[in-house]
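The next block holds one structure in the form of structure tokens; read it before the comments.
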Amino acid sequence: MSEIEANLGSGMIPFSILDLSPITEGGSAGRALANTLDLARHGERLGFTRFWVAEHHNMPGIASAATAVVLAHVGAGTSSIRIGAGGVMLPNHAPLVIAEQFGTLAALFPGRVDLGLGRAPGTDPVTARALRRTLSSPDEFPRDVVELMAYLGDPGPQQIVRAVPGAGSHVPIWILGSSLYGAQVAAALGLPFSFASHFAPTHLMEAIRIYRERFEASAQLTRPYVMLGVNVVAAPSDAEARFLASSQRQSFTSLRQGHPIQLPPPSETWQKPVEPAAEPSELDRVLNATVVGSPDTVMRLLEAFVERTGADELIITSQIYDHAARLDSYRLVAEVRMKLAARLGQQPKMG
């Protein structure tokens, strides 16, 4: 039974971590990567299921561009938490290279590696051209996924090109998406689906519906499995959490304006008002899958989100300037998960 199939039968919704290795204002990539490992160890102790990092390029506030290298750093410093890409932007790479990279990770950390694949470049158009020596259409994404899966599967007797390491590793593949396209690909290939609701919630419910309705069982997965991204900032009080969350609001606004920045310190000016506006701002619509508050507030909002979406797993990202506050936020989220399990009469599954 696969790890995902076991989750489906456990009755306990897993919580995972998506870390963007944030480079804070005045900080460095070295410090960001040290904090990433510290967070992974923290998440492992708290019982989070997986720890993923994402491929982004030409972003002054994100240190995880060399995703496989970062995962080697995290894997070497942890012992049980699953590590993975959330994700690798496959159009930027030859499938064989990714098979070799993640085959190497699987050889180093057996049974712990996931490979999430997206079809966006993870950057601006100019940088995307710099990344690719031969430009290909994102519409070739399904073909590239199938090719990559073949490299990670058992090699055939007539197969000339093999991934070494990689062949026979059967690294679990996930499809990532922020639109309906990823849902269709994941359903057709019978793969688990992770939706980027933490920054693109517009098509969330429709994407889930399409994926579940069209899902075709595969050797990897017999039933549909949906993991949803959620921004969470937890603190002892709602007011403190709103203050900490202002860093992400500043960063995301700059990104949407085409000027990505390092993660800035929190600012009272950028706090979200206590009372919601009659007409949500563009920022609030984009960050709709965001939970900010005290443990009681976080529990209420996460429970409502899971009930609304039927998520099989949540992957939590927390863009918090102060590393100690970020660690504490994840601690509070882990406590919320335990309380939710108790409320629902579930048996918590740690690790």
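Which whole number in µm²/s is D for the chain by Stokes-Einstein, with the Kirkwood Rh taken over Cα pairs at 25 °C and 0.890 mPa s?
Numbers: Rh = 20.5 Å.
Translational diffusion coefficient: 120 µm²/s.
Think of region 8-112 as having a plus end and a minus end, set by charges on the Cβ of Lys, Arg, Asp and Glu; of 108, 79, 27, 79 sits farthest toward the positive end of this dipole.
Whole-Hz Karplus values for region 60-71 come out as x, x, 10, 9, 9, 4, 8, 4, 4, 5, 4, 5 Hz, taken residue by residue from phi with 6.51 cos²θ - 1.76 cosθ + 1.60 and θ = phi - 60°; glycine and proline positions read x. When you filter the trypsin sites (Lys or Arg not before Pro) in region 16-53 for DSSP loop state and at most 10 other Cβ atoms inside 10 Å of their Cβ, nothing is left. The sum of -39500 (n - 2.57) across all DSSP H runs of n ≥ 4, divided by the residue count of the chain, sets its helix-only mean residue ellipticity at 222 nm to -13000 deg cm²/dmol.
Packing, taken as the mean count of other beta carbons within 10 Å per residue, orders the peptides 51-61, 213-223, 294-304 from highest to lowest as 51-61, 294-304, 213-223.
Run the numbers on the chain and let me know its relative contact order in percent, using alpha-carbon pairs under 8 Å that are six or more apart. Don't jump to the answer; show the numbers that get you there.
Numbers: 696 pairs, mean separation 69.8, N = 351.
Relative contact order, the chain: 20 percent.
Taking region 82-123 and a reference point 7 angstrom along Cα→Cβ of residue 161, the backbone N atoms nearer than 12 Å belong to 94-100. Highest-first packing order for the peptide set 72-84, 250-262 is 72-84, 250-262, based on the mean count of other beta carbon atoms within 10 Å. Remark on region 27-113: Rg and Dmax equal 12.7, 36 Å (Cα only).
Using DSSP to define loop residues, name the trypsin sites (Lys or Arg not before Pro) in region 89-187 whose beta-carbon has at most 11 other beta-carbon atoms within 10 Å. Walk me through the numbers before you get to the answer.
Values: sites: 112, 119, 129, 132, 133, 143, 162; in loops: 112, 119, 132, 133, 162.
Loop-located and lightly packed - 133.
Calculated FRET efficiency, residue 296 to residue 66, Cβ-Cβ distance, R0 = 51 Å: about 0.80 to the nearest 0.05. Seen against the Cα atoms of the chain and their longest principal axis, helix 95-108 is set at about 70 degrees. Rounded to the nearest 20 debye, the dipole magnitude of region 3-342 is 380 debye, with +1 charges on Lys and Arg beta carbons, -1 on Asp and Glu beta carbons, and the Cα centre as origin. The antiparallel fraction among DSSP beta bridges confined to the chain stands at about 5%.
Laboratory data are not the source of any read-out in this text; all were calculated from the coordinates shown. What you see is a predicted model, and the numbers here were worked out from it, not measured in a lab. Positions of Cβ are generated from backbone atoms using ideal geometry, with glycine treated the same way; all protein chains shown enter the neighbour counts.
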